[in-house]
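The values are calculated or read from the model by the stated rules, or taken from the named source; none is laboratory data. Since this is a predicted model, take the numbers as computed values, not measurements. Please note: Cβ atoms are built from the backbone with ideal geometry, for glycine as well, and neighbour counts cover all protein chains shown. All accessible areas refer to the heavy atoms of the entire protein, side chains included, with ligands and DNA or RNA removed. Shrake-Rupley method; radii C 1.70, N 1.55, O 1.52, S 1.80 Å.
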Amino acid sequence: MFQPLFKFCATMMIALTLSTAAGAEPDMLALSKDILIGTEAERQAAAETIIERDDPDMIPSLVLLMRIGGAHVVTQRTLNALTGEDITTWREAMHYQEAHPDIVPHPSYYDLKLWYWGGIDRDFLTLFETPINRDAMRIRFEEITWGGALFDDIPSLDNPRLIGAKDADYMLDTDLVFGVSINGDTRAYPLRIMGWHEMFNEVIGGVSVALAYCTLCGAGILFETHLDDRAEPFIFGSSGLLYRSNKLMFDRQTQSLWNQFTGEPVSGPLARSGIRLKIRPVTITSWADWREEHPDTKVLSLETGHFRNYDSGIVYKEYFASPDLMFPTLTDQTRLLQKDHVYGIRVAGGAKAWPLEVFAEEPVINDQVGLSNVVLIGDANTQTVRAYDRGDLVFSGTAETISGPGGSWKISEDALIGPDGTRLSRMPGHISYWFAWDGYLGAESALYEGTR
């Protein structure tokens with residue numbers, strides 16, 4: 001999915017001329033060019049100059065050159081001389097860079113990277129102010145990488161066509177869906193469709209929401225998009241850029257980049273606004289279970305306005321079946337494997353994750369997250385977990401039948417309802433791969449270790 005190298009090289013030659021005219025440091029840009037496309041003698045001479053200079057500020061440029069031109073032996077040798085490590089691949093180089101946040105890139109790095117992205121799709125440049133103000137961003141610019149798609153090339157579904165459950169003859173009982181119910185407005189969004197679009201912008205039950213689905217980190221998160229101090233709700237799309245194997249979405253009003261996992265703007269006009277979108281409950285479950293529980297549900301039509309193969313088990317088939325990540329990021333696998341599924345909750349006072357596999361033996365878990373007591377009801381087979389604020393109550397049972405004070409309780413999308421009408425409110429949470437949850441929350445989050 002990369003641009004052919006000769007096209008990029010032509011862009012680079014133009015970029016270097018313009019950057020020099022703009023007063024950038026031409027020597028370092030020229031050295032980067034020679035490392036990338038110079039003759040063997042020019043490569044060797046550039047490498048010797050960079051090595052003799054002995055400044056780690058060129059490490060990010062060399063990491064980027066390994067992405068653009070491959071792990072060329074001269075690039076490797078130069079990078080290894082500056083790092084003191086034996087780095088042989090771009091993935092290893094990115095791991096090193098992530099582990100060394102103290103390294104500040106040489107100023108020429110920003111021109112090099114923007115012109116690389118501009119050679120792929122000039123619309124990427126609309127997401128960044130120039131010159132780049134690294135301190136104004138909430139993530140490291142050097143860790144933002146191209147995900148292989150052009151800007152906004154993964155089309156969001158904005159108020160898409162929905163059909164009744166009885167008309168959805170394309171659906172298999174085993175197909176997983178994102179189930180959403182707000183103020184009695186109940187809808188299903190099949191993962192086999194959402195995997196191609198990764199975003200919807202909708203009004204459900206009178207509430208403006210967006211579901212941001214990062215296929216790479218296995219997380220579909222439902223955000224409320226209308227803030228009290230703004231006239232219009234945010235409308236989101238997929239930028240085509242990634243940060244630590246997590247999609248960066250953008251809002252169409254300000255072109256700010258947002259972290260899909262946290263619901264916070266990280267670059268652009270809103271980066272320092274302090275905005276964090278409210279997370280709403282969303283349920284992953286099988287189509288058969290959702291349809292049985294919500295016979296009046298609406299579901300996405302295959303008529304999305306886009307040509308994709310929406311058959312079951314097609315989108316990201318190889319990635320979902322593999323234990324490996326598509327893009328590099330450091331991950332702690334001492335407790336869980338990087339692509340193990342967890343269900344996570346973030347509330348005031350704390351965050352916690354529960355390995356999905358524990359629900360196979362403990363379908364009902366009474367626990368605590370932050371300052372809240374919570375009961376979780378889960379089915380590992382369908383990745384279905386719902387969580388409710390239980391107060392001081394204690395529950396038991398299965399994923400289908402819950403027993404608590406007074407007898408049997410009813411599971412609904414917005415509350416756990418007791419035989420006397422007591423309602424325990426649903427808590428927002430979502431499924432994700434372990435690497436993403438741990439990578440973004442880390443020490444801020446607890447991990448459920450089980451009761452046995």
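A few points about this structure:
- Condition met for GLY429 (surrounded by 22 or more Cβ atoms within 10 Å (Cβ to Cβ), of a type outside the set (A, V, I, L, M) and touching a helix residue (DSSP H, G or I) at 6+ places or on another chain (Cβ under 6 Å)): no
- The condition (being part of a loop (DSSP other than H, G, I, E, B) and surrounded by 15 or more Cβ atoms within 10 Å (Cβ to Cβ)) is satisfied by just one residue among ALA71, ALA47: ALA71.
- GLY344 meets the stated requirement of being in contact with a strand residue (DSSP E or B) (Cβ under 9 Å, 6 or more places away or on another chain), under 25 Å from LEU257 (Cβ atoms) and touching a residue at least 60 places away in the same chain (Cβ under 8 Å).
- Of all residues in segment 347-373, those satisfying the criterion of being crowded, with 19+ Cβ neighbours inside 10 Å and free of Cβ contacts under 8 Å to residues at least 40 places away in the same chain are PRO363, VAL364.
- Residue in segment 315-336 that is over 27 Å from the mean Cα position of the chain (by Cα) and either over 30 Å from ALA149 (Cα atoms) or touching a residue at least 60 places away in the same chain (Cβ under 8 Å) (or both) present: no
This table checks each residue for (1) over 25 Å from the mean Cα position of the chain (by Cα); (2) part of a helix (DSSP H, G or I).
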{"residue": "LEU376", "(1), (2)": "no, no"}
{"residue": "ASN381", "(1), (2)": "no, no"}
{"residue": "LEU393", "(1), (2)": "yes, no"}
{"residue": "GLU400", "(1), (2)": "yes, no"}
{"residue": "TRP409", "(1), (2)": "yes, no"}
{"residue": "LEU416", "(1), (2)": "yes, no"}
{"residue": "ALA436", "(1), (2)": "no, yes"}
{"residue": "TYR440", "(1), (2)": "no, yes"}
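- Unmet requirement for SER108, which otherwise passes all of (1) closer than 30 Å to LEU302 by Cα; (2) of a type outside the set (A, V, I, L, M); (3) open to solvent by less than 10 Å² (accessible area, probe 1.4 Å): (1)
- Selection from segment 156-169 of residues that are open to solvent by less than 20 Å² (accessible area, probe 1.4 Å) and among the aliphatic types (A, V, I, L, M): LEU157, ALA165, ALA168
- The one condition in (1) touching a helix residue (DSSP H, G or I) at 6+ places or on another chain (Cβ under 8 Å); (2) open to solvent by less than 10 Å² (accessible area, probe 1.4 Å) that ARG272 fails to fulfil: (2)
- Among all positions in segment 290-303, there is at least one residue which is under 24 Å from TRP354 (Cβ atoms) and surrounded by 15 or more Cβ atoms within 10 Å (Cβ to Cβ).
- Residue count, segment 228-255 (criterion: touching a helix residue (DSSP H, G or I) at 6+ places or on another chain (Cβ under 8 Å) and either in a loop (DSSP other than H, G, I, E, B) or free of Cβ contacts under 8 Å to residues at least 24 places away in the same chain (or both)): 3
- Residues (in a strand (DSSP E or B), surrounded by fewer than 22 Cβ atoms within 10 Å (Cβ to Cβ) and not hydroxyl-bearing (Ser, Thr, Tyr)) located in segment 205-219: VAL207
So that you can scan it fast, the table gives a plain yes or no per residue for (1) in a loop (DSSP other than H, G, I, E, B); (2) at positive phi; (3) in contact with a helix residue (DSSP H, G or I) (Cβ under 8 Å, 6 or more places away or on another chain); (4) surrounded by 20 or more Cβ atoms within 10 Å (Cβ to Cβ):
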| position | (1), (2), (3), (4) |
| --- | --- |
| MET171 | yes, no, yes, yes |
| SER181 | no, no, no, yes |
| ALA188 | no, no, yes, yes |
| ILE193 | no, no, no, yes |
| VAL203 | no, no, no, no |
| HIS226 | yes, no, no, no |
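Rundown of residues vs (1) at pLDDT 95 or above; (2) surrounded by fewer than 19 Cβ atoms within 10 Å (Cβ to Cβ); (3) assigned to a loop (DSSP other than H, G, I, E, B); (4) β-branched (Val, Ile, Thr), yes/no style:
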position	(1), (2), (3), (4)
TRP117	yes, no, no, no
LEU125	yes, yes, no, no
GLU129	no, yes, yes, no
GLU142	yes, no, no, no
GLY148	yes, yes, yes, no
ILE154	yes, no, yes, yes
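- Index of the failed condition, LYS410 passing every other in (1) over 30 Å from LEU172 (Cβ atoms); (2) out of contact with any Ser or Thr (no Cβ under 7 Å at 6 or more places or on another chain); (3) basic (Lys, Arg): (1)
- Members of segment 277-305 that are assigned to a loop (DSSP other than H, G, I, E, B) and either at pLDDT below 95 or more than 21 Å from ILE345 (Cα to Cα) (or both): HIS294, PRO295, ASP296, THR297, SER301, LEU302, GLU303, THR304, GLY305
- When THR262 is tested against the conditions (1) farther than 18 Å from TRP146 by Cα; (2) modelled with pLDDT of 95 or more, the lone failure is (2).
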